[in-house]
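One structure is given below, encoded as structure tokens.
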Amino acid sequence: MNPQPAPDLDPKRKWVLWGLPLCGVMGFWEFDRALGGNHLSWVYVIEWPFFGVFIYYMYWKLSQPQELYDDSDDPPREVE
């Protein structure tokens, strides 16, 4: 018998665990490049932390409990 691997209880969590450090590293790398004279990198210095905030926001938003939609009171739909 082959043992089954443990299922990942929250697959969204890997986006936070990999995405936030990656955005931080890329932000510092672009900051170093910007200080070195690459003026376009100043845009990326702002952009990478924004991506990190977006990843965390989407993780938080998708982790919130969802209400079940009850359509029992809706009238039946008919095709004309």
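Packing, as the average of other Cβ atoms within 10 Å across residues, places the peptides 69-80, 18-29 in the order 18-29, 69-80, highest first.
Each label was represented as a point 7 Å from its Cα along the Cα-to-Cβ direction; for L40 and R77 these points are 4.7 nm apart. Here each label is just a point 7 Å from Cα along the line to Cβ, and for E47 and K12 those points are 2.6 nm apart.
In the chain, the longest principal axis of the Cα atoms and the axis of helix 41-63 are about 20 degrees apart.
One decimal place: the segment W60-F31 gains 7.7 nm when fully extended, by the rule 0.36 nm per residue minus the C-alpha distance. Exposure proxy ranking for V43, V16, based on other Cβ atoms within 10 angstrom of each Cβ and starting from the fewest, stands as V43, V16. When Rg is the radius of gyration of the Cα atoms in the stretch 13-62 and Rh is its Kirkwood radius, what does Rg/Rh come to? Across the stretch 13-62, the Cα-based Rg/Rh ratio is 1.08.
Computed from the coordinates by the stated procedures, all read-outs in this text should not be read as laboratory data. Quick caveat: nothing in here was measured; it's all calculated off a predicted structure. All Cβ positions, even for glycine, are placed from backbone atoms using ideal geometry, and neighbour counts span all protein chains on display.
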